[in-house]
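Here the structure comes first, spelled out in structure tokens, and everything after it is commentary.
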Amino acid sequence: MRLGAHLRQDENPITTAEELGVDIFQMFVTDPQKWNKPQPHPHAAQIRESPIDVVVHSSYQINVASLNNRLRMPSRKAVEQQAQAAADLGAIGLVVHGGHLREGEDPAEGFANWRKLFERQQDKGGFAVPIFIENTAGGNHAMARTLESIERLWDAVGDFEQAGFCLDTCHAWAGGEDLIGLVERIRDITGRIDLVHLNNSRDEFDSGRDRHANLESGHIAPDVLAELMVQADAPTILETPTEGIPDDLAYLRSL
Ligand SMILES: [Zn+2]
């Protein structure tokens, strides 16, 4: 089982990863709030050659489902560029949020846009790394909040080998999905879970709010999270508050 954490941008991730003793870490390749093209990482060779695995999280404003051309077009380009930057670091994949539409828009068009992302890239030989589509917590027009929407999404992208799935436990909980047995229900739809974001939640079930908590200090029973991790049997990343990550790792290792 590969276990690790999302690491802060202002550090050499390998140094921090070694200090934490993790098998895998997650990082951004550009400012996650901006459209900036990724620049070569100063420690790229070290990251690539390290036995510690890496996965890249894409920037937050990406929304490949959007019906707005001026958002969808730069989103497609950013996914392509960030997948290439991820490959340059030897990453196992690029995490991209499911995205959402606006009030009154037809979800079918959003799912079709997800399909087009992979279709268009296939003509160019595919993405440089697999794309792990992550479930999200909030909104009534999300592409990957509920199992029902994930099922429709997978009808659209499921035949592309490069379309993977990232299960975020805080998002599922806040999005109103029961975590007990969730791994099985997701796998029935997607056939795969490529990555787990193991996070507790600062908010109640079905709150729609995306606020992560350390494993033993949120509304989800920590043993439910640990059990989900075992069932998923996939590389697992903590996206919990930085100061509590050593305790989160210690809790999981103690089991
Ligand atoms: Zn996440």
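Name the pairs whose Cβ atoms lie under 6 Å apart, with the first residue in the stretch 167-193 and touching a residue at least 60 places away in the same chain (Cβ under 8 Å), the second among the aliphatic types (A, V, I, L, M) and within 14 Å of the ligand (Cβ to nearest atom), and 6 or more positions between them or separate chains?
Within 6 Å, the pairs are LEU167/ILE193; LEU167/VAL196.
Can GLU11 be described as within 30 Å of LEU252 (Cβ to Cβ), modelled with pLDDT under 95 and exposed (fewer than 15 other Cβ atoms within 10 Å of the Cβ)? Step through it out loud before you land on a result.
Numbers: within 30 Å of LEU252 (Cβ to Cβ): yes; modelled with pLDDT under 95: yes; exposed (fewer than 15 other Cβ atoms within 10 Å of the Cβ): yes.
When the stated conditions are applied, GLU11 passes them.
Quick one: GLY138 ticks every box in (1) in contact with a strand residue (DSSP E or B) (Cβ under 6 Å, 6 or more places away or on another chain); (2) over 17 Å from VAL56 (Cβ atoms); (3) touching a residue at least 60 places away in the same chain (Cβ under 8 Å) except a single one, so which number is it?
Unmet condition: (1).
With respect to the numbered conditions (1) away from the ligand (no atom under 14 Å from the Cβ); (2) in a loop (DSSP other than H, G, I, E, B); (3) under 18 Å from PHE165 (Cβ atoms), which one is the sole condition not fulfilled by THR136?
(1)
Please determine whether any residue of the stretch 54-66 is surrounded by 14 or more Cβ atoms within 10 Å (Cβ to Cβ), in a loop (DSSP other than H, G, I, E, B) and of a type in the set (Phe, Trp, Tyr).
So in the stretch 54-66, the residues surrounded by 14 or more Cβ atoms within 10 Å (Cβ to Cβ) come out as 54-59, 61-66.
Subsequent filtering for residues that are in a loop (DSSP other than H, G, I, E, B) retains 58-59, 61-66.
Pick out the ones that are also of a type in the set (Phe, Trp, Tyr) and you get none.
No; the residues of the stretch 54-66 include none that is surrounded by 14 or more Cβ atoms within 10 Å (Cβ to Cβ), in a loop (DSSP other than H, G, I, E, B) and of a type in the set (Phe, Trp, Tyr).
Which residues, counting only those in the stretch 148-173, are in contact with an Asp or Glu (Cβ under 6 Å, 6 or more places away or on another chain) and more than 16 Å from the ligand (Cβ to nearest atom)?
Passing the criteria: none in range.
Within the stretch 93-109, can you find the residues that are closer than 30 Å to VAL54 by Cβ and either at pLDDT below 95 or not aliphatic (A, V, I, L, M) (or both)? Break it down stepwise before answering.
Initially, the stretch 93-109 is screened for residues closer than 30 Å to VAL54 by Cβ, giving 93-100.
Answer for the stretch 93-109, where residues must be closer than 30 Å to VAL54 by Cβ and either at pLDDT below 95 or not aliphatic (A, V, I, L, M) (or both): GLY93, HIS97, GLY98, GLY99, HIS100.
In the stretch 188-235, what residues are away from the ligand (no atom under 16 Å from the Cβ), over 18 Å from the mean Cα position of the chain (by Cα) and of a type in the set (D, E, K, R)?
ASP188, GLU204, ASP206, GLU216, ASP223, GLU227
Do the conditions hold for ASP155, that is, is it of a type in the set (D, E, K, R) and modelled with pLDDT under 95? Don't jump to the end; show me each part of the working.
Numbers: of a type in the set (D, E, K, R): yes; modelled with pLDDT under 95: no.
Judged against the criteria, ASP155 is not a match.
Residues that are under 26 Å from HIS141 (Cα atoms), at least 2 per element: which helices (runs of 4 or more DSSP H) completely within the stretch 166-254 meet that?
Numbers: elements: 169-174, 182-190, 222-232, 245-254.
Helices (runs of 4 or more DSSP H) meeting the threshold: 169-174, 182-190.
The values are calculated or read from the model by the stated rules, or taken from the named source; none is laboratory data. Note that the coordinates shown come from a computational prediction; the quantities given were computed from them, not determined experimentally. Cβ atoms come from the backbone with ideal geometry, glycine included; neighbour counts cover every protein chain shown.
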